[in-house]
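To start, the structure itself, in C-alpha coordinates.
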Amino acid sequence: MQTCAILEPEKESTSKEERPMKKVLILSGSPRKDGNSDLLCSEFMRGAQESGNEVQKIFVRSKKIVPCNACYYCRDHGGKSDMSEILDAMQAADVIVMASPVYFYSIDAQMKIIIDRSLARWTNIPNKEFYFIMTCADDNRAAMACTLECFRGFTACLNGAKEKGVIYGTGVYRPGEVMSSPAMKEAYEMGKNV
(Lines give C-alpha, C1' and ligand atoms only; values in the text may rest on other atoms or scores of the structure.)
Protein backbone atom coordinates (compact mmCIF):
# COMPACT_ATOMS: atom_id res chain seq x y z
CA MET A 1 0.00 0.00 0.00
CA GLN A 2 1.41 3.34 -1.05
CA THR A 3 0.87 6.53 0.98
CA CYS A 4 1.21 10.13 -0.01
CA ALA A 5 2.40 12.85 2.23
CA ILE A 6 0.63 16.15 1.91
CA LEU A 7 3.13 18.92 2.38
CA GLU A 8 1.91 22.31 3.52
CA PRO A 9 3.62 25.30 1.94
CA GLU A 10 6.24 26.90 4.13
CA LYS A 11 4.98 29.94 5.93
CA GLU A 12 7.01 33.11 5.78
CA SER A 13 8.52 33.92 9.12
CA THR A 14 7.54 37.35 10.32
CA SER A 15 8.11 37.26 14.03
CA LYS A 16 11.05 39.15 15.42
CA GLU A 17 12.51 35.93 16.86
CA GLU A 18 12.61 34.30 13.42
CA ARG A 19 13.62 37.35 11.38
CA PRO A 20 17.37 37.96 11.16
CA MET A 21 18.51 40.98 13.12
CA LYS A 22 19.87 43.84 11.05
CA LYS A 23 22.24 46.63 11.95
CA VAL A 24 20.37 49.86 11.31
CA LEU A 25 22.12 53.23 11.14
CA ILE A 26 19.98 56.36 11.28
CA LEU A 27 21.63 59.58 10.15
CA SER A 28 19.46 62.41 11.43
CA GLY A 29 20.30 65.52 9.45
CA SER A 30 17.84 67.67 11.39
CA PRO A 31 19.36 70.98 12.50
CA ARG A 32 17.05 70.87 15.56
CA LYS A 33 17.16 68.18 18.23
CA ASP A 34 13.61 66.81 18.28
CA GLY A 35 12.83 68.75 15.10
CA ASN A 36 10.32 67.18 12.73
CA SER A 37 12.73 65.03 10.73
CA ASP A 38 14.52 64.00 13.96
CA LEU A 39 11.20 62.93 15.51
CA LEU A 40 10.50 60.77 12.47
CA CYS A 41 13.96 59.22 12.90
CA SER A 42 13.09 58.39 16.52
CA GLU A 43 9.84 56.71 15.44
CA PHE A 44 11.68 54.68 12.79
CA MET A 45 14.21 53.70 15.47
CA ARG A 46 11.47 52.65 17.91
CA GLY A 47 9.89 50.38 15.32
CA ALA A 48 13.23 48.86 14.29
CA GLN A 49 14.25 48.22 17.90
CA GLU A 50 10.90 46.61 18.72
CA SER A 51 11.52 44.19 15.86
CA GLY A 52 14.81 43.10 17.41
CA ASN A 53 17.23 45.06 15.26
CA GLU A 54 20.40 46.74 16.50
CA VAL A 55 19.90 50.47 15.94
CA GLN A 56 22.30 53.40 16.14
CA LYS A 57 21.04 56.94 15.64
CA ILE A 58 23.53 59.70 14.93
CA PHE A 59 22.38 63.29 15.35
CA VAL A 60 24.70 64.76 12.72
CA ARG A 61 24.59 68.34 13.98
CA SER A 62 26.23 67.25 17.25
CA LYS A 63 29.26 65.85 15.41
CA LYS A 64 32.42 67.69 14.46
CA ILE A 65 32.62 67.33 10.68
CA VAL A 66 34.49 69.70 8.41
CA PRO A 67 33.87 69.99 4.65
CA CYS A 68 35.64 67.62 2.30
CA ASN A 69 38.94 68.87 0.86
CA ALA A 70 39.30 65.86 -1.49
CA CYS A 71 42.69 65.14 0.08
CA TYR A 72 41.78 61.53 1.04
CA TYR A 73 43.54 61.90 4.38
CA CYS A 74 40.57 60.33 6.16
CA ARG A 75 40.59 57.38 3.75
CA ASP A 76 44.27 56.66 4.40
CA HIS A 77 44.63 57.71 8.06
CA GLY A 78 41.18 57.55 9.61
CA GLY A 79 40.58 61.27 9.71
CA LYS A 80 40.66 63.95 12.35
CA SER A 81 36.91 64.54 12.71
CA ASP A 82 33.88 62.52 13.72
CA MET A 83 33.33 61.56 10.08
CA SER A 84 35.63 58.57 10.45
CA GLU A 85 33.29 57.14 13.11
CA ILE A 86 30.28 57.79 10.86
CA LEU A 87 31.95 56.11 7.87
CA ASP A 88 32.77 53.08 10.04
CA ALA A 89 29.12 52.92 11.11
CA MET A 90 27.95 53.21 7.49
CA GLN A 91 30.22 50.34 6.47
CA ALA A 92 29.03 48.13 9.34
CA ALA A 93 25.30 48.80 8.79
CA ASP A 94 22.91 46.62 6.83
CA VAL A 95 20.37 49.44 6.65
CA ILE A 96 21.02 53.19 6.42
CA VAL A 97 18.31 55.75 7.07
CA MET A 98 19.05 59.28 5.86
CA ALA A 99 16.85 62.15 7.06
CA SER A 100 16.73 65.82 6.15
CA PRO A 101 14.30 68.69 6.15
CA VAL A 102 13.79 70.32 2.76
CA TYR A 103 15.93 73.45 2.42
CA PHE A 104 15.36 75.34 -0.83
CA TYR A 105 14.14 72.12 -2.49
CA SER A 106 17.28 70.27 -1.47
CA ILE A 107 18.85 68.52 1.53
CA ASP A 108 20.24 70.58 4.39
CA ALA A 109 23.93 71.22 5.11
CA GLN A 110 24.12 68.53 7.80
CA MET A 111 23.14 65.80 5.34
CA LYS A 112 25.13 67.27 2.46
CA ILE A 113 28.35 67.13 4.46
CA ILE A 114 27.75 63.44 5.23
CA ILE A 115 27.30 62.69 1.53
CA ASP A 116 30.32 64.76 0.47
CA ARG A 117 32.59 63.33 3.15
CA SER A 118 31.63 59.80 2.11
CA LEU A 119 33.84 60.42 -0.92
CA ALA A 120 36.81 58.98 0.96
CA ARG A 121 35.22 55.53 1.34
CA TRP A 122 32.15 55.40 -0.88
CA THR A 123 33.35 52.20 -2.56
CA ASN A 124 33.36 50.53 0.87
CA ILE A 125 29.61 51.06 1.40
CA PRO A 126 28.13 48.40 -0.94
CA ASN A 127 24.94 46.36 -0.69
CA LYS A 128 23.03 48.52 1.78
CA GLU A 129 19.30 49.02 2.14
CA PHE A 130 18.30 52.69 2.26
CA TYR A 131 15.33 54.55 3.68
CA PHE A 132 14.84 58.29 3.22
CA ILE A 133 12.99 60.62 5.56
CA MET A 134 12.09 64.15 4.48
CA THR A 135 10.05 66.95 6.04
CA CYS A 136 8.83 70.24 4.63
CA ALA A 137 6.35 73.03 5.29
CA ASP A 138 4.66 72.53 1.92
CA ASP A 139 1.68 70.16 1.80
CA ASN A 140 2.65 68.91 -1.64
CA ARG A 141 5.08 65.99 -2.01
CA ALA A 142 6.27 67.51 -5.28
CA ALA A 143 8.18 70.07 -3.17
CA MET A 144 10.38 67.18 -2.02
CA ALA A 145 11.31 65.86 -5.48
CA CYS A 146 14.74 67.52 -5.65
CA THR A 147 15.52 66.51 -2.06
CA LEU A 148 14.69 62.91 -2.86
CA GLU A 149 16.87 63.10 -5.98
CA CYS A 150 19.81 64.24 -3.81
CA PHE A 151 19.46 61.06 -1.74
CA ARG A 152 18.99 58.93 -4.84
CA GLY A 153 21.97 60.54 -6.55
CA PHE A 154 24.16 59.50 -3.64
CA THR A 155 22.89 55.93 -3.50
CA ALA A 156 23.14 55.57 -7.30
CA CYS A 157 26.91 55.75 -6.83
CA LEU A 158 26.97 52.91 -4.28
CA ASN A 159 27.20 49.34 -5.59
CA GLY A 160 24.18 47.24 -4.71
CA ALA A 161 22.27 50.03 -2.91
CA LYS A 162 18.54 49.30 -2.60
CA GLU A 163 15.96 51.95 -1.87
CA LYS A 164 13.44 50.35 0.50
CA GLY A 165 11.21 53.23 1.52
CA VAL A 166 10.54 56.96 1.62
CA ILE A 167 8.75 58.88 4.35
CA TYR A 168 7.22 62.21 3.35
CA GLY A 169 6.55 64.49 6.31
CA THR A 170 4.59 67.20 4.50
CA GLY A 171 2.90 70.27 5.95
CA VAL A 172 5.19 70.54 8.98
CA TYR A 173 7.20 73.63 9.84
CA ARG A 174 7.19 74.36 13.57
CA PRO A 175 9.05 71.89 15.79
CA GLY A 176 6.79 69.00 16.76
CA GLU A 177 4.11 69.55 14.13
CA VAL A 178 4.93 66.16 12.64
CA MET A 179 3.62 64.47 15.81
CA SER A 180 0.04 64.69 14.48
CA SER A 181 1.04 63.68 10.95
CA PRO A 182 0.45 60.26 9.36
CA ALA A 183 4.20 60.24 8.69
CA MET A 184 4.80 59.29 12.35
CA LYS A 185 2.95 56.00 11.94
CA GLU A 186 4.62 55.42 8.56
CA ALA A 187 8.05 55.90 10.13
CA TYR A 188 7.26 53.50 12.96
CA GLU A 189 5.86 50.86 10.58
CA MET A 190 8.80 51.14 8.16
CA GLY A 191 11.20 50.75 11.06
CA LYS A 192 9.28 47.76 12.37
CA ASN A 193 9.43 46.06 8.96
CA VAL A 194 13.11 46.67 8.20
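The values are calculated or read from the model by the stated rules, or taken from the named source; none is laboratory data. What you see is a predicted model; the values in this text were computed from it and never measured. All Cβ positions, even for glycine, are placed from backbone atoms using ideal geometry, and neighbour counts span all protein chains on display. For accessibility, only protein heavy atoms count, side chains too; no ligands or nucleic acids. Shrake-Rupley method; radii C 1.70, N 1.55, O 1.52, S 1.80 Å.
Numbers at a glance
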| item | result |
| --- | --- |
| Point-to-point label distance, CYS157-MET179, nm (Cα→Cβ direction, 7 Å offset) | 3.8 |
| Crossing angle, helix 182-192 versus the chain [Cα axis fit, 0-90 degrees, rounded to tens] | 60 |
| Degrees, to the nearest 10: 83-92 long Cα axis against longest axis of the chain | 10 |
| Heavy atoms of TYR72: accessible area, 1.4 Å probe, square angstrom to 10 | 80 |
| Charge dipole (the range 17-153, unit charges on Cβ, about Cα centre) - positive-most of ILE65, THR123, TYR103 | ILE65 |
| Under 10 Å, Cβ to Cβ, from GLU129 - net charge with Lys/Arg +1 and Asp/Glu -1 | +2 |
| Beta bridges by DSSP in the chain, antiparallel share as percent, to the nearest 5 | 5 |
| Listed residues THR123, THR147, THR135, most fluctuating in the chain (Gaussian network, C-alpha, under 10 Å) | THR123 |
| Accessible area expressed per residue, the range 59-194, with surrounding protein chains retained (probe 1.4 Å, Å²) | 50 |
| Computed P(r) (all Cα pairs; the range 17-101; 5 Å bins; percent) | 3, 14, 22, 19, 19, 11, 8, 3, 1, 0 |
| Convex hull (Cα only) mean projected area of the range 77-121, reported in nm² to one decimal | 3.6 |
| Carbon and sulfur %, accessible surface of the range 118-194 computed with the full protein complex present, 1.4 Å | 50 |
| Qualifying lysines (Cα of each under 26 Å from Cα of LYS185; at least 8 residues distant if same chain) | LYS16, LYS22, LYS23, LYS33, LYS57, LYS128, LYS162, LYS164 |
| For the chain, built as a Gaussian network whose Cα springs stay under 10 Å, the top-fluctuating residue of LYS112, LYS63, LYS128 | LYS63 |
| Within the range 91-194, percent of DSSP bridges classed antiparallel, to nearest 5 | 5 |
| Rule-of-thumb Rg ratio for the range 29-168 [Cα; 2.2 N^0.38 Å; N residues] | 1.01 |
| Relative compactness, the range 131-194, computed as alpha-carbon Rg over 2.2 N^0.38 Å | 1.19 |
| Cut-off of 10 Å, at most 16 other beta carbons, DSSP loop: longest stretch of the chain lacking such GluC sites (Glu not before Pro) | 19-194 |
| Unit charges on C-beta of K, R, D, E only; dipole of the chain, Debye | 600 |
| GLU189-TYR105 pseudo-label distance in nm [points 7 Å out on the Cα-to-Cβ vector] | 3.0 |
| Separation of the ALA70 and LYS22 label points, Cα + 7 Å toward Cβ, nm | 3.4 |
